[in-house]
């Protein structure tokens with residue numbers, strides 16, 4: 001005798017997944033690179049020390065005169081000598097006016113005066129003047145101005161980025177199912 005049996009058939013579900021990957025497109029121009037440079041500054045400002053020597057006052061004392069001073073000196077000495085000479089002439093003239101005086105021989109007196117001629121000239125030399133040489137020192141300066149060169153860089157670049165989103169499509173192709181069938185002879189039984 002054949003007993004009935006159950007036959008179970010199942011069908012699994014089937015899912016179809018369709019995916020599109022994302023896309024990214026990057027485009028751009030070649031970078032524009034500029035370099036700017038400022039010149040360095042290097043300056044030297046220099047003034048030398050200055051020594052000023054004024055040796056004219058001691059030289060003047062030793063009778064080394066500038067032309068202008070020599071002219072003034074000669075003029076003053078000439079005036080003095082002229083005044084002395086004039087006063088001597090006047091004095092001699094006064095003596096000659098008294099020529100009638102028997103006690104006074106005017107010509108003899110004038111001759112005596114001329115014979116007793118004395119001068120104040122001394123025969124010594126001065127080697128060292130009393131007035132010192134004047135020395136004046138003016139300080140100079142030395143300044144350095146320096147600034148290094150400056151370099152500036154500039155980069156100009158443009159980028160275009162285009163992106164497409166990816167997508168995923170999910171479809172169910174077959175749905176799951178379960179079939180249960182009774183196969184075999186029918187069983188009659190009584191209770």
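Among (1) over 30 Å from residue 148 (Cβ atoms); (2) modelled with pLDDT of 85 or more, where does residue 27 come up short?
With respect to (1) over 30 Å from residue 148 (Cβ atoms); (2) modelled with pLDDT of 85 or more, residue 27 is out only on (2).
Scan the stretch 38-66 for residues that are exposed (fewer than 13 other Cβ atoms within 10 Å of the Cβ), free of Cβ contacts under 8 Å to residues at least 40 places away in the same chain and under 13 Å from residue 135 (Cα atoms) and report the count.
Selection size over the stretch 38-66: 0.
Determine whether the stretch 78-86 contains at least one residue that is in contact with a helix residue (DSSP H, G or I) (Cβ under 9 Å, 6 or more places away or on another chain) and modelled with pLDDT of 85 or more.
no
The values are calculated or read from the model by the stated rules, or taken from the named source; none is laboratory data. The shown structure was predicted, so the numbers you read here are calculated from the model rather than taken from an experiment. With ideal geometry, Cβ positions are generated from the backbone for all residues, glycine too; neighbour counts draw on all protein chains shown.
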